[in-house]
Amino acid sequence: MSYIGIFITAIFVNNIILSQFLGICPFLGVSKKKETAIGMGIAVMFVMTLASAVTYLIYHNLIVPYQLEFMTTVVFILVIAALVQMVEIIIKKTSPLLYQALGIFLPLITTNCAVLGIALLTVQKNMNFTETVLYSLANAMGFTLAIILFSGMRERLSKVKLPQAMQGAPIALITAGLLSMAFMGFSGVGN
């Protein structure tokens, strides 16, 4: 697959949130305001790309040579947790407002199944290092695009008078479903 094909497929066709349903917690939890959605998207982009690169190196230089494939998931989780702690410290020092806005959701990147899922998918798809980095970056960009679009839709919906039964989670889930259906229009583009 070409590098451009990797980007198109990961961002639009097989969007990590809207097609593969990974990373739903931050997608629903941090998408009420565009500012926090952008911050979460950037944090996930950094962590996902760095985590995939580091886990690739660990997998191919430690896990496979020593036949420790059964430890892959545990090692990947530990690496992701360490990277998230590093990102949290950096954001706390550089942007206290963003740190406060993200609140509990920043530590949730540690358990964000999208980050772990991409690291594991790159190993399963037997990608080389360049493909791993590009694939994880493209998926992170797809995550960011989806969460920013969704936050814009939720901000607009917050200004509309809705029936009591539709407020909150029901309208959020319906909106997420409609956004997912819109992205289905891209199926077949990257193939």
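Readers should treat all values here as calculations from the given coordinates under stated rules, not as data from a laboratory. Computed from a predicted structure; not experimentally measured. Cβ coordinates were reconstructed from backbone atoms using ideal geometry, including for glycine residues, and neighbour counts include every protein chain displayed.
Can you give me the Cα centroid spacing of the range 1-74 and the range 77-94 in angstrom? Going from one Cα centre to the other spans 15 Å.
Across the options V160, I174, M141, the greatest Cα extent toward the positive end of the charge dipole of the range 89-191 (unit charges at beta carbon of Lys, Arg, Asp, Glu) belongs to V160.
So what's the net charge close to N14: Lys and Arg +1, Asp and Glu -1, counting the other residues with Cβ under 15 Å from its Cβ?
Values: positive: K125; negative: E131.
Here the charged neighbours net out to 0.
Each of A119, F7, Q67 was scored by the projection of its Cα onto the charge dipole of the range 6-128, and the greatest displacement toward the positive side belongs to F7; charges sit on the C-beta of Lys, Arg, Asp and Glu.
Multiply the residue gap between A169 and T94 by 0.36 nm, knock off their C-alpha separation, and tell me the result in nm, one decimal place. Kindly include the intermediate steps, with their values, before the conclusion.
On the way: separation 75, 0.36 × 75 = 27.00 nm, distance 3.26 nm.
Value of the extension gain: 23.7 nm.
Which whole DSSP H helices in the chain pass both tests: a Cα extent of 27 Å or more along the axis and a mean Kyte-Doolittle value no lower than 0.5? Each step should come with its number before you reach the end.
On the way: long enough: 34-58 (35 Å, 1.48); 72-94 (33 Å, 1.85); 129-157 (42 Å, 0.84).
Within the chain the helices that satisfy the rule are 34-58, 72-94, 129-157.
Computed extension length for M181-I24: 54.9 nm, one decimal, from 0.36 nm per residue of separation with the Cα-Cα distance subtracted.
Report the chymotrypsin sites (Phe, Trp or Tyr not before Pro) located in the range 1-78 that are in a DSSP loop and have at most 12 other Cβ atoms inside 10 Å of their Cβ, or state none. Spell out each step's value before the answer.
On the way: sites: Y3, F7, F12, F21, F27, F46, Y56, Y59, Y66, F70, F76; in loops: F21, Y66.
Of the chymotrypsin sites (Phe, Trp or Tyr not before Pro), the ones in loops of the range 1-78 whose Cβ has at most 12 other Cβ atoms within 10 Å are Y66.
Applying the criteria of a DSSP loop state and at most 13 other Cβ atoms within 10 Å to the trypsin sites (Lys or Arg not before Pro) of the range 100-191 yields K125, K159, K161.
Here the range 24-148 is treated with +1 on each Lys and Arg Cβ and -1 on each Asp and Glu Cβ, and its dipole about the Cα centre works out to around 360 debye.
Between N128 and E69, the C-beta separation translates, for a Förster distance of 22 Å, into a calculated FRET efficiency of about 0.75. If you run the Gaussian network model on the chain, springs between alpha carbon atoms under 10 Å, then out of V64, V75, V133 the most flexible one is V64. For the chain, the pair-distance distribution built from all alpha carbon pairs, in bins 5 Å wide starting at 0, is 1, 8, 16, 19, 18, 15, 12, 6, 3, 1, 0, 0, 0 percent.
Let's see if you can work this out: charge +1 on each Lys and Arg Cβ, -1 on each Asp and Glu Cβ, no other charges. What is the dipole magnitude of the range 82-191 about its Cα centre, in debye to the nearest 20? Can you show the working numbers first?
Working: 7 positive and 3 negative charges, 68 e Å.
Computed about the Cα centre, the dipole is about 320 debye.
Just add up the charged neighbours of G152: K/R +1, D/E -1, any other residue whose Cβ is under 13 Å from the Cβ of G152. Mind dumping the intermediate values first?
Values: positive: K32, K33, K34, R154, R156, K159; negative: E35, E155.
Overall, the nearby charge balance is +4.
Taking Lys and Arg as +1 and Asp and Glu as -1, the other residues whose beta-carbon sits under 14 Å from that of S31 total +3. Extending 7 Å from Cα along the Cβ direction at K161 and again at S2 yields two label points whose distance is 5.3 nm.
Please express the shape of the range 79-191 as an equivalent ellipsoid: the semi-axes are the square roots of 5 times the eigenvalues of the C-alpha gyration tensor, given largest first in whole angstrom. Spell out each step's value before the answer.
Working: eigenvalues 164, 109, 27 Å².
Square roots of five times the eigenvalues give 29, 23, 12 Å.
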